[in-house]
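This report refers to the structure that appears directly beneath it.
Taken together, the values in this text are just the output of simple stated rules run on the coordinates, not laboratory data. On a predicted model such as this, the values are computed, not experimentally measured, just so you know. FYI the Cβ positions are ideal-geometry reconstructions off the backbone, even for glycines, and counts take in every protein chain you see.
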Amino acid sequence: MNLPRLNRAAGSSLIEILVGLVIGLVAAIVILQMLALSEQRKRTTTSAGESQSDGVIAFYQMQRDIGQAGYGFTALNLFNCNTTWTVGGTAIGTAIPLAPVTVNPGTAIIPAGDANSDTVLVMYGNSGNEPQGNVIYSQIGPVYTMQMPAAFAQNDRVIALPAAGCVNPPLALDTVTATAALNVSVATGAAGVTSGTLYDLGPGPILLAYAVRGGNLTVCDYSLIDCGASANVNDKTKWVSIASNIVSLKAQYGRDTLTAVPLVATPPTYAKVDTYDQTTPAGNCAWTRVIALRLALVARNSQIDNDPTLVTINQNPPVWAGSAGDPIDLSANAGWQHYRYKVFQSVVPIRNVAWMGVPVGC
């Protein structure tokens with residue numbers, strides 16, 4: 001009797017299994033690489049969108065503040081007067097010249113921020129009073145007899161300017177404590193201001209210091225703290241970040257320099273920007289000719305991009321209208337060539353000065 005032959009068990013050999021595993025691993029690697037590349041591009045796109053949104057919001061805030069600059073004190077005699085601000089009854093350490101917008105006012109006022117970035121100081125009041133001030137007929141200590149005392153209110157911040165103009169020591173930002181009959185009483189008072197002028201900056205004048213620090217656009221309000229004090233410079237609760245991934249702030253004064261035609265008595269005279277620069281105006285007349293600010297913020301993508309073509313592209317860093325075609329220096333930022341950048345820029349009118357016009361003799 002013949003027994004049936006046993007069939008060999010059907011299946012894959014070890015070699016076939018290994019080949020299949022290799023093919024599967026290759027496929028998995030390709031898929032993972034595609035997913036990683038897709039995720040990287042998504043993060044790059046998302047972070048670019050976030051950076052642009054932060055840049056737009058920060059730029060809008062600066063434009064809004066600069067647009068209000070000078071409100072409440074656009075008076076020829078008051079411009080460029082050194083003034084001591086007080087915070088909580090204590091005078092800050094550095095006198096600040098009264099001006100709507102100051103570019104790079106000095107490290108004593110705005111401590112230096114990131115390399116190759118400007119600083120900007122913006123000042124404005126919130127009073128409904130006339131910016132030309134009210135005449136002080138006489139004084140007895142901190143009590144001023146005024147032309148229009150009803151125009152002032154308790155807690156308004158005021159500046160008393162002597163008839164002779166800016167003086168040393170600096171002017172002081174004082175506070176109205178009471179008004180009665182023809183008198184305005186202030187907390188401290190300034191000596192020798194009979195026949196001078198009292199200017200009302202309102203109950204909450206604003207003095208904002210802008211600087212780029214650690215890749216963030218930060219702002220500090222001098223009406224709340226002494227922004228220039230060394231103890232506050234690195235305090236993030238004092239210098240508040242309003243936009244991240246901002247690598248540079250650039251600013252220039254826009255000046256009306258026309259002098260060929262005699263000035264007329266009725267302002268405004270010209271109110272047309274002829275030149276841009278960063279030279280701090282010398283004297284009050286020079287400040288009346290600064291009628292705009294050219295401003296730029298450079299926003300950076302938050303995600304590093306190792307694409308070698310990007311490094312080639314960034315051999316020519318971003319430029320702005322104030323650089324005359326020269327690139328903005330970003331070399332202080334490590335690995336700066338591996339990021340993408342967006343420049344937000346505009347010319348912002350300092351309208352309270354433009355409406356004032358250029359006074360006769362300036």
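Between the range 150-208 and the range 239-256, the C-alpha centres lie 32 angstrom from each other. Net charge within 14 Å of ILE350 by Cβ-Cβ distance, Lys/Arg positive one each and Asp/Glu negative one each, not counting ILE350 itself? Around ILE350, the charge tally is +4. With the charge dipole of the chain set up from +1 on Lys and Arg Cβ and -1 on Asp and Glu Cβ about the Cα centre, the Cα lying farthest toward the positive end among the listed residues TYR199, VAL22, GLN252 is that of VAL22.
Relative to the longest principal axis of the Cα atoms of the chain, the long axis of helix 14-68 lies at roughly 10 degrees.
Only the Cβ atoms of Lys and Arg (+1) and of Asp and Glu (-1) were treated as charged; on that basis the dipole of the chain about its Cα centre amounts to roughly 920 debye. Residues whose amide H comes within less than 5 Å of that of ASN82, counting only those at least five positions distant or on another chain, are LEU98, LEU171 (H built at 1.01 Å from N in the peptide plane). Distance between the pseudo-spin-label points of ASN104 and SER138 (7 Å out from Cα toward the beta carbon): 5.1 nm. The gain in end-to-end length when the VAL240 to ASN155 segment is fully stretched comes to 28.0 nm, 0.36 nm per residue minus the alpha carbon separation. Take the Cα radius of gyration of the range 105-196 and divide it by 2.2 N^0.38 Å, N being the number of residues; the result is 1.33.
Per-residue Karplus couplings for the range 143-148, computed as 6.51 cos²θ - 1.76 cosθ + 1.60 with θ equal to phi - 60°, are listed in order as 10, 9, 8, 10, 5, 9 Hz, Gly and Pro entered as x.
Helical runs (DSSP H, four residues minimum) scored at -39500 (n - 2.57) apiece and divided by the length of the chain put the mean residue ellipticity at 222 nm at -6500 deg cm²/dmol. With the cut-off at under 15 Å, measuring from each backbone N in the range 148-185 to a point 7 Å along the Cα-to-Cβ line of GLU130 picks out 148-152.
Using only Cα coordinates, the Kirkwood hydrodynamic radius of the range 114-262 works out to 17.8 Å.
Near ALA151: Cβ cut-off under 11 Å, other residues only, Lys/Arg at +1 and Asp/Glu at -1. The net charge is -3.
Please report the base-10 log of the normalised intensity I(q)/I(0) for the chain, using a Debye sum with one equal scatterer per alpha carbon and no solvent, at each q in 0.09, 0.11 (1/Å). After summing over all Cα pairs, the log10 values are -0.61, -0.82. Based on the Cβ-Cβ distance from ALA324 to ALA164, what FRET efficiency comes out when R0 is 45 Å, to the nearest 0.05? Plugging the Cβ-Cβ distance into 1/(1 + (r/R0)^6) gives 0.60.
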